[in-house]
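What follows is one structure encoded as structure tokens, with my remarks underneath.
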Amino acid sequence: MDSNGNLLAQLQSRFGEGTFIVQTTKDEILTLWMPVAQAKEILHYLKKEIPQPFPFLYDLCALDERTRNRATNHVPHADFTIVYHLFSYAQNLFIRLKVGLFGEYPSLPSITGLWANANWYEREIFDLFGIKFEGHPNLSRILMPRTWEGHPLRKEHPARATEMGPFRLWDEKQDREQEALRFKPEEWGMARQSEDSDFMFLNIGPQHPGTHGVLRIILQLDGEDIVDAVPDIGFHHRGAEKMGERQSWHTYIPYTDRVDYLGGVMNNLAYLLAVEKLAGIEVPERVKVIRVMMCEFFRIASHLVWYGTFAQDLGQLSPVFYMFSDREKVFEVVEAVCGGRMHPNWFRIGGVSQDLPKGWETLVQGFLDYFPKRLKEYDSMVLKNSLFKARTVGIGIFTAEEAIEWGVTGANLRACGMDWDFRKTRPYSGYEMFDFEVPIGQNGDCYDRALVRVAEMRQSLRIIEQCLKNMPAGSYKADHPLTTPPLKKHTMQDIETLITHFLNVSWGPVIPAGEAMSCIEATKGANSYYLTSDGNTSAYRVRIRTPSFPHMQMLPYISRGYTVADLLSILGAMDYVLADIDR
């Protein structure tokens, strides 16, 4: 019996065979529908009682099922669906659990008492769908302004500004919006004073250089010590998931570039792996290696931005100029291959936009010769700097168990001593063919998080060198009718092939009905796209699981007891992107 079969047998033995309805999906993740009345009990069993448990709430999202094509939707009837993705590190296994809900504005029990990181996910569902979670400690909007009317991911909500009336900011509305921004500590369970002192509430951001973008953090301070913190996100939210419902499968690719806007083509990969699972597309070996090479170039580019700005946050001015100059070296290679720099939008369904240009080997080799000695200089300049160490060693500590509880992934998890990298443990795009190590830390502090990322850049160089030396021959695109753009050789055989080609270019491919999720080791942690198709030219639902969202949720937990100066160290070491939080 395989892992899925064994897991299903355990659940049926504990709760009865009639409790679950099994759904077949394209990604082969065990997908079970469960009764809402037993949902909390089943989730508790999976987290705490089952042998080799599922301690990681990987994602929690919802779907509005009301307009879904019933002919292709071979699942139980529901108005809304709540989807829980759990992960077991011991089994290296995902499970997907679903709860069907009925009514205009349904509700179900909160699981914030079971998983700490469920808090923000449930608030997001409430904000975007209007579904309530009974027992949630603070069920309020999180991405949309508090004065927003409606719930944007419901199907009746407009997807474009042109579908709404013209915007007018009259005086009363402006006053209401300003008042909504006023922070009221009591709403967050905070006292304004203790027995011996008054607390101060301090706004950091949303225009503070230390927040690296439009992020607002309200600090509750006792002197300079942080008593609590409230991250206020959503300033960068632009409806990336909603856009997926109105763009074709192909024209949505450039939107993915803008989520982790430092990750470039890596965002394309997370999305396209899920599309290719839905479509049943197997890409050639050359495509896999090209994709891996470009992803690792962007990992280095992203880490350089983090490295330079982190040093700058802690008082060093020189490193950011050197490191941004080296990032330009990366972009010289990226631009020569892709034609673009930060947002090249270069990967395609079934392959890449075009083959590698002549002379690419010389450019790549030039960077491999140049960059290692620069990393060595940065070790002396930053990592060995006594002031840098004083600001990071022993600051912002958390354990691997705490990291898993809060949904932390990537370098932040590995800095706690957890040897886990999805490129190694659940390889994708041919990563199993590459020889590289997974750097880990021991102390789980800001300094170890820096050590891990710097070591990751060296491992990326190893992977790129292997791509250079072992680039397979062959096509840069799969021989499949749903690739984009469609293959030209299928055009002029007869009128039917010409019409098919014309429709695939103008409307985009029709992806078969089904569900699939991909999961990659992105620059900041685990990133995935959970796509639902009802057999149309665009997705029925696009769910983007980003690493920065749960990381930022953990900020209050790891910053209590530290000073305001330490907060900038903790924020810098976290390595987040605002668009990755807000989408």
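Residue under question is residue 191, and the condition is that it be among the aliphatic types (A, V, I, L, M) and more than 28 Å from residue 241 (Cα to Cα); does it hold? Spelling it out, residue 191 is indeed among the aliphatic types (A, V, I, L, M) and more than 28 Å from residue 241 (Cα to Cα).
Every residue in region 129-168 that is touching a strand residue (DSSP E or B) at 6+ places or on another chain (Cβ under 8 Å) and surrounded by fewer than 10 Cβ atoms within 10 Å (Cβ to Cβ), please. Explain how you work it out, then say what you get.
Our first condition is that a residue be touching a strand residue (DSSP E or B) at 6+ places or on another chain (Cβ under 8 Å); within region 129-168, this holds for 129, 131-135, 139, 153-155.
Across region 129-168, the qualifying residue is only 134.
For region 320-338, what are the residues that are farther than 24 Å from residue 209 by Cα and touching a residue at least 12 places away in the same chain (Cβ under 8 Å)? Reasoning before the result, please.
Narrowing region 320-338 to residues farther than 24 Å from residue 209 by Cα: 329-338.
Correct list: 329, 330, 331, 332, 333, 334, 336, 337, 338.
Kindly state which helices (runs of 4 or more DSSP H) lie completely within region 455-567 and contain at least 3 residues that are over 26 Å from the mean Cα position of the chain (by Cα).
Numbers: elements: 495-506, 548-553, 555-559.
Where helices (runs of 4 or more DSSP H) fall fully within region 455-567 and carry at least 3 residues being over 26 Å from the mean Cα position of the chain (by Cα), they are 495-506.
Out of 171, 175, 196, 222, report the one residue that is surrounded by 14 or more Cβ atoms within 10 Å (Cβ to Cβ), of a type in the set (D, E, K, R) and not assigned by TED's automatic domain parsing to the domain that holds residue 483. Being surrounded by 14 or more Cβ atoms within 10 Å (Cβ to Cβ), of a type in the set (D, E, K, R) and not assigned by TED's automatic domain parsing to the domain that holds residue 483 holds for just one of 171, 175, 196, 222, which is 222.
Examine region 2-20 for a residue that is of a type in the set (D, E, K, R) and under 30 Å from residue 279 (Cα atoms), and state whether such a residue exists.
Step one: filter region 2-20 for residues of a type in the set (D, E, K, R), giving 2, 14, 17.
Within this subset, residues satisfying the condition of being under 30 Å from residue 279 (Cα atoms) are 2.
Yes; the residues of region 2-20 include at least one that is of a type in the set (D, E, K, R) and under 30 Å from residue 279 (Cα atoms).
Residues to consider are 82, 95, 125, 142; find the one that is within 30 Å of residue 175 (Cα to Cα), β-branched (Val, Ile, Thr) and outside any loop (DSSP other than H, G, I, E, B). Steps first, please.
Values: 82 fails: within 30 Å of residue 175 (Cα to Cα); 95 fails: within 30 Å of residue 175 (Cα to Cα); 142 fails: outside any loop (DSSP other than H, G, I, E, B).
Just a single option satisfies the conditions, and that option is 125.
The set of residues in region 413-454 that are assigned to a helix (DSSP H, G or I) and of a type in the set (A, V, I, L, M, F, W, C) comprises 413, 422, 433, 446, 450, 451, 452, 454.
Go over the candidates 90, 62, 37 one by one and state the one that is free of Cβ contacts under 8 Å to residues at least 60 places away in the same chain, under 25 Å from the mean Cα position of the chain (by Cα) and in the same structural domain as residue 130 (by TED's automatic domain parsing).
Details: 62 fails: free of Cβ contacts under 8 Å to residues at least 60 places away in the same chain; 37 fails: under 25 Å from the mean Cα position of the chain (by Cα).
Selected residue: 90, the only one of 90, 62, 37 that is free of Cβ contacts under 8 Å to residues at least 60 places away in the same chain, under 25 Å from the mean Cα position of the chain (by Cα) and in the same structural domain as residue 130 (by TED's automatic domain parsing).
Selection of region 28-41 for residues being in contact with a Phe, Trp or Tyr (Cβ under 7 Å, 6 or more places away or on another chain) and either part of a loop (DSSP other than H, G, I, E, B) or at pLDDT 95 or above (or both) yields 29, 34. Here residue 395 passes the criteria (1) in a helix (DSSP H, G or I); (2) of a type in the set (Val, Ile, Thr); (3) buried (at least 17 other Cβ atoms within 10 Å of the Cβ) except the one numbered (1).
Only one residue in 562, 530, 576 is of a type in the set (Ser, Thr, Tyr), over 30 Å from residue 395 (Cβ atoms) and touching a residue at least 40 places away in the same chain (Cβ under 8 Å), so which one is that? Spell out the reasoning first.
Values: 562 fails: over 30 Å from residue 395 (Cβ atoms); 576 fails: over 30 Å from residue 395 (Cβ atoms).
Only one candidate qualifies: 530.
Take the conditions (1) in a helix (DSSP H, G or I); (2) at positive phi; residue 345 misses just one of them, which is (1). Here residue 561 does not fit the description of being in contact with a Ser or Thr (Cβ under 7 Å, 6 or more places away or on another chain), outside the structural domain of residue 64 (by TED's automatic domain parsing), modelled with pLDDT under 90 and surrounded by fewer than 24 Cβ atoms within 10 Å (Cβ to Cβ).
For the criterion of being closer than 25 Å to residue 512 by Cβ and either in contact with an Asp or Glu (Cβ under 7 Å, 6 or more places away or on another chain) or in a loop (DSSP other than H, G, I, E, B) (or both), residue 25 passes. Of the residues making up region 461-489, those that are closer than 12 Å to residue 292 by Cα and either buried (at least 21 other Cβ atoms within 10 Å of the Cβ) or among the hydrophobic types (A, V, I, L, M, F, W, C) (or both) are 461, 463, 464, 467, 468, 471.
The values are calculated or read from the model by the stated rules, or taken from the named source; none is laboratory data. This structure is a prediction, so every number in the text was calculated from the model and none was measured. Heads up, the Cβs are rebuilt from the backbone with ideal geometry, glycines too, and the neighbour counts pull from every protein chain shown.
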